[in-house]
Amino acid sequence: MKNLNFELAIPAITLVITLLVISTLYPEQSQLLTSNAMHFVTGWFGWLVELVSLALVGFLFWLAFSKYGSIRLGEEKKEHSNFSYGGMIFTAGVGASLIYWGIGEPMYYLQSPPLFAEPNSYAAAAWSVTYSIFHWGVTGWAIYCFPAIPSAYAFYVQKKRTLKLSTLCEPVVGSNPIIAKAIDLLAIFGTLAAFASSLALTVSLLSTGVSALLGIKNSLLLQGSIILLFVLMLVAVMLVGFKKGISKVSDYTVVAAICFALFVLLVADSQFILNNFTDSIGVMLDNFFRMSLWTDPVQKSGFSQSWTQYYWFWYYAYLIMMGLFITRISRGRTIKEVIL
């Protein structure tokens, strides 16, 4: 608690709770307001987020193979093995969302396909898995990785003992205390809001599954119990410690995910899965720039706004949190190792 900055934490938490209460009391009005806000942002700035996101991919690849890629973040040896390191980033970056949308997305794209394909056609089938891989692929991880590089460099190389966003922005915006607090407050609020929305979606998903499996009512009591379980597990992991807690839990999670993937591969049509996955990778590589910059200005189907741009904005909402988390676990690695 002694390291908690109450001047920043309390206003951000209060604002998030206030918005949650208002949304609960006025659900229809809140949904309409957020929908209009989303249409405004994607309509006016969707093209920009696509350009910036693609530029980040190119910049990070250049940085990894440039002379700067060999810079080591700290003089100590690597704190985590490559498996644990990749597992922690993977579990923190995608969580339970991939389990649901890994199935749901291709089904949706098959019925409402992108790039002018006819619904339920061969072209729609080809795009369905392709776009799922694209949305969970290199661009999203580039967005997560980008803030980790300056943050880790400042912490391990320049020996700055604070990871506040305002500290990293000082060379650009100066040391004005009002601007610094505004930057930090915006970062905290954005992270809390993103986490709250992710938790709501995850809890709704899990409660629906539990209700269907156990035959119990999907009620607020069930959802509250799931949230309480999340909190208790988080507290338990933090009490055990970082290496024995988060690191081990992520290892077990990745192993379980691999076992589940192998189980599906073995009991389903393995030949089709392997061929379809390989084909989808080829389609994505062949159309990567088209998919990255498609805004659909003529037909205006809304696909890129509702899916691609929405995903990129979602990744940006977690930008600060993921950047700090990657910084925390990257001691002893080179910039190239962090990126790749």
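The values are calculated or read from the model by the stated rules, or taken from the named source; none is laboratory data. Being a predicted model, the structure only gives us computed values, none of them experimental. Virtual Cβ from ideal backbone geometry, glycine too; neighbours counted across all protein chains shown. Note: accessible area is taken over every heavy atom of the protein model, side chains too, but ligands, DNA and RNA are not part of it. Shrake-Rupley method; radii C 1.70, N 1.55, O 1.52, S 1.80 Å.
Side notes on the structure shown:
- Candidate set: the range 288-335, residues that are basic (Lys, Arg) and surrounded by fewer than 17 Cβ atoms within 10 Å (Cβ to Cβ); chosen: the one nearest to Ile71 (Cα to Cα): Arg290
- Checked against (1) open to solvent by less than 60 Å² (accessible area, probe 1.4 Å); (2) within 19 Å of Ile246 (Cβ to Cβ); (3) assigned to a helix (DSSP H, G or I), Phe83 meets all criteria but (1).
- In the range 67-80, the qualifying residues are those that are surrounded by 13 or more Cβ atoms within 10 Å (Cβ to Cβ) and of a type in the set (Gly, Ala, Ser), and the one that is farthest from Val283 (Cα to Cα) is Gly74.
- Cβ-Cβ under 8 Å pairs, at least 6 apart or on other chains, the range 61-75 side at positive phi, far side open to solvent by 50 Å² or more (accessible area, probe 1.4 Å) and in a helix (DSSP H, G or I): Gly74/Val157
- Enumeration of residues in the range 193-203 that are of a type outside the set (S, T, N, Q), within 19 Å of Leu319 (Cβ to Cβ) and open to solvent by less than 60 Å² (accessible area, probe 1.4 Å): Ala193, Ala194, Ala196, Leu199
- Taken over the range 96-125, residues that are open to solvent by less than 30 Å² (accessible area, probe 1.4 Å), aliphatic (A, V, I, L, M) and at negative phi amount to 2.
- Cβ separations smaller than 6 Å between residues 6+ apart or across chains give the following pairs from the range 297-312 residues that are touching a residue at least 12 places away in the same chain (Cβ under 8 Å) to residues that are aromatic (Phe, Trp, Tyr) and open to solvent by less than 20 Å² (accessible area, probe 1.4 Å): Ser304/Trp294.
- Checking Val210 against (1) in contact with a Leu (Cβ under 9 Å, 6 or more places away or on another chain); (2) open to solvent by 60 Å² or more (accessible area, probe 1.4 Å); (3) of a type in the set (A, V, I, L, M), the condition it does not meet: (2)
- Hits in the range 169-187 - residues which are open to solvent by 50 Å² or more (accessible area, probe 1.4 Å) and either modelled with pLDDT of 80 or more or not in a helix (DSSP H, G or I) (or both): Ser175, Asn176, Ile178, Ile179, Lys181, Ala182, Leu185, Leu186
- Test: Ile149 is part of a helix (DSSP H, G or I) and over 20 Å from Ile103 (Cα atoms): yes
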